[in-house]
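Comments concern the structure below.
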Amino acid sequence: MEANPALLHMLEHDPETMRLSAWPDLLHAYDQAASRSHKPSFLAGITDGSSVQVRAATGAGNWLWLQLTATSIPDANGRPEHVLVLVEDVNRRARNIDKLAEALDAQRDANANLEKLDRTKSEFLSNREPRVRTALTGIQGFSELIRDGGLEPDEVRAYGGYIFNDADRVNRLIGDMLDLDRRSRAG
């Protein structure tokens, strides 16, 4: 029946539009159902001061989150005669909650990706570790034979080639590990 200027300004409607419109017509379809669930107890005069959040259409066609808190005003016999509805603009709070939920989802996704990357990195390193040890054992063994002397020049050349090949293998494995580390930092 009545709407104060602050509500009219909030909803971007003029008093005549508000009088001619049924309040539920301004609500989002999903929210119409939510508000209907509160209606029977409210019409029976049973109000516990609880609130419901709904989206209402503004005069500009935008949706605005509102929190409605209704109180029935009884007549002399105690029956509901009037309804007082407190309407609060909770649009900013609802948007912030939505943003926080989106940020939380993004953080969860990022954490899942990091955990997957960490598992991949661990598997990669555990698969490479025996190869590095094998190559280092070869380098150590052949260099020890050369150090101790008593070898023919052809044997020294052959063992030097083995050392070179094992060192090259270690170098490639380290390069693979560094590449994985760079990719994990970039991701």
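The values are calculated or read from the model by the stated rules, or taken from the named source; none is laboratory data. Note that the structure is predicted; figures quoted are calculated from it, not measured. A quick note on method: Cβ atoms are made from the backbone with ideal geometry, for glycine too, and the neighbour counts reach across all protein chains shown. Each accessible area value is taken on the protein alone, full model and side chains, heavy atoms only, with ligands, DNA and RNA left out. Shrake-Rupley method; radii C 1.70, N 1.55, O 1.52, S 1.80 Å.
Extension gain for the segment Asp148 to Arg119, taken as residue separation times 0.36 nm less the Cα-Cα distance, is 6.1 nm to one decimal. Taking the 1.4 Å solvent-accessible surface of the chain as the whole, the part contributed by carbon and sulfur is 54%.
In this structure the chain gives 72 Å² per residue of accessible area when probed at 1.4 Å with all protein chains present. For the chain, the dipole from Cβ point charges (+1 on Lys and Arg, -1 on Asp and Glu) about the Cα centre works out to 140 debye, to the nearest 20.
Computed from the C-beta positions of Ser21 and Asp75 and an R0 of 22 Å, the FRET efficiency is 0.25 to the nearest 0.05.
Quick one: angle between helix 91-148 and the longest Cα principal axis of the chain, in degrees between 0 and 90, rounded to 10, please. Tilt relative to the chain: about 10 degrees. The distance between label points at His82 and Arg182 comes to 7.6 nm (points 7 Å beyond Cα on the Cα→Cβ vector).
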